[in-house]
Structure formats: C-alpha cells, structure tokens
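Q: Right, I'll just put the structure down here and ask away after.
What follows is calculated from the coordinates using simple rules that are stated; it is not laboratory data. Here the structure is a predicted model, which means the values were calculated and not measured. When we count neighbours, we look across all protein chains shown, and the Cβ atoms used for this are built from the backbone with ideal geometry, even at glycine.
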Amino acid sequence: MNHSILIVDDNETAARTTSENLKALGYEVRVVLSGFDGLRQLKPGISLALIDVSMPGIDGIDFAMRLHDSQPEVRVAFTSGFTRQIPHRGPLAFQTAPFLAKPYTVPELKGFVEDIFSN
C-alpha cells in the first residue's frame, strides 16, 4: 500500500485518533487542524484528503474546492459529527463524494478508505 492521506479536521483528538488508526493500517498520514493550515501545507503526493465538513474559517467544502484547484487528482472524502450529509455547495462531485459520519469504528474507517482506493 502506497497511499498518502491528509486529514483536515479541527477536532485534534478525532484527527489524531484517525491518524493513528490509518497508520496502523499501513497508510502514510499527515494531519492538519484547520483548512488554513491545510492550504499552507499542501504538498504533492496526497492520494486522499479526508476532510471534516464543519470547521471554522475555511470549512471542508471550501478547502476541498481549493485543493481541487491546485491538485485535481487528489481524491476527496468528507466526515462530520454534526451533519449526516454534505452541504449542497461546490461541484456536484463533492456533493456525491464519499462521506463517513462520526463517530466511526476502526472497521468502518478501514472499509471506507479501502472502498475509496478500490474505485
């Protein structure tokens, strides 16, 4: 497995836990705690961005749109503990992007990410 995942989530505990779980599954993972930090630290080589929908400042949809402008090859998936769907903003591709509701278990996270990389 040679996939790099960027986690963008303002909930540090959730982000770190998700990162540890993904690393244990063999993924290379980086964590940023805001959309602003994510934009400042964007580097080539990201396979997947797992983005929290609800964040202060640059929210998940805005971050995803800016990421897509600079690195359109990066797969985008969303997560949230506050909503069960992606807001109807941005490209249609974002509205139908994979979505994982928080809280999630390690098997749910594993299956979610494996499904993304198998498509």
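Q: If I take all pairs of Cα atoms in the chain, what percentage of them are more than 22 Å from each other? Before the final figure, lay out the partial values.
A: On the way: 1622 of 7021 pairs.
So the portion of pairs separated by more than 22 Å is 23 percent.
Q: What residues have an amide H closer than 5 Å to that of VAL76, excluding those fewer than 5 places away on the same chain, when H is modeled at 1.01 Å from N in the peptide plane?
A: ALA49
Q: Check ILE7: other-chain or 5+ apart residues with amide H under 5 Å from its amide H, H built from backbone geometry?
A: Distant-sequence amide H within range of ILE7: ARG30, VAL31, VAL32, LEU50.
Q: Where does each of 39-48, 2-11 land if you order them by average Cβ count within 10 Å, highest first? Don't jump to the answer; show the numbers that get you there.
A: Working: 39-48: 14.1, 2-11: 20.4.
Per-residue mean Cβ counts within 10 Å order the peptides as 2-11, 39-48.
Q: Report the gain in length on full extension from GLU28 to ARG66: 0.36 nm times residue separation, minus Cα-Cα distance, nm rounded to one decimal.
A: This chain segment gains 11.5 nm when fully extended.
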